[in-house]
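Notes follow once the structure below has been shown.
FYI, it's all coordinate maths here, none of it is from the lab. The structure presented is a predicted model; accordingly, all values stated were derived computationally and were not measured. Every residue, glycine as well, gets a Cβ built from its backbone with ideal geometry; the counts of neighbours run over all protein chains shown.
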DNA sequence: CTGTATCCTCTCTGATACTG
DNA sequence: CAGTATCAGAGAGGATACAG
């Protein structure tokens, strides 16, 4: 997406989002889902082994981390390198595509992080207005 | 969180994501959730009334659209303008903050949309490798 | 160590019906 | 038109146990 197609791209995006949503929606949900976001953010720092990643993404269960990583690997965002030793040693890292996505994701996260106070203020205002009506 | 924080922001981001995740995670999930994404994308085109929005975001139920819009309004991403007429007329639009977020979101969506083919290829490769192992 | 399998809970979601 | 209320099903998510 670039240059003079800016306008066209925007309109087509909208069409795409709602017409071909089927294709991208699923992918997007892997990326933006609760654990997908955190896994990609963690891997943006560098490669990690399964349990290291699990400690990094605090609160994730074994099951969900495995599930998330499989989805991301299948989508081509994450590379899985397994050494067939005993005990097994598996390292996860971002692919080129995964790094791009993680970058965009990071921009979005940074924006939201930077505005959390605004959001919290908005929430307080909203809740106050609500309870005022209730009275 | 302000001023010249480019470098610091990245390192702190990582800390934030995992330490204060509580604060931003919830917000991020409203934004990136199934309907939040689509609602913001739709409103990026301009203001819409409830049912117009509902037709635009194809597949959303009354309930989920109302729920999504309330969450986004409470977070300060969406502005709700209600005329107290009969029948009621309510218009939804993006706030300045909402527009910023929608922009970042659009970048992410565009990236994913543009790479859907790569993802689908990765999926085919992954599934093939899987079934090969099964044999 | 790196997962898979199972069971169980709890939230999200959608269909339906109803209110202002 | 713009929602709210309620209910039931589907799926996400977590705890535990076990396999390679």
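Structure data summary
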item: 7 Å along Cα→Cβ, label-point gaps from residue B:70 to other copies, nm, shortest first; result: 3.6
item: Other-copy label distances relative to residue B:127, 7 angstrom Cα-Cβ extension, nm; result: 4.6
item: Per principal axis, descending, Cα span of the stretch B:23-134 in whole Å; result: 65, 27, 25
item: Nearest-to-axis residue of chain A, judged by beta-carbon position, where the axis maps A onto B, in Å; result: A:32, 2
item: Percentage relative contact order, the stretch B:23-134, counting C-alpha pairs under 8 Å, at least six apart; result: 25 percent
item: Ascending list, in nanometres, of distances separating the residue A:45 label from those of the other copies (7 Å, Cα toward Cβ); result: 4.1
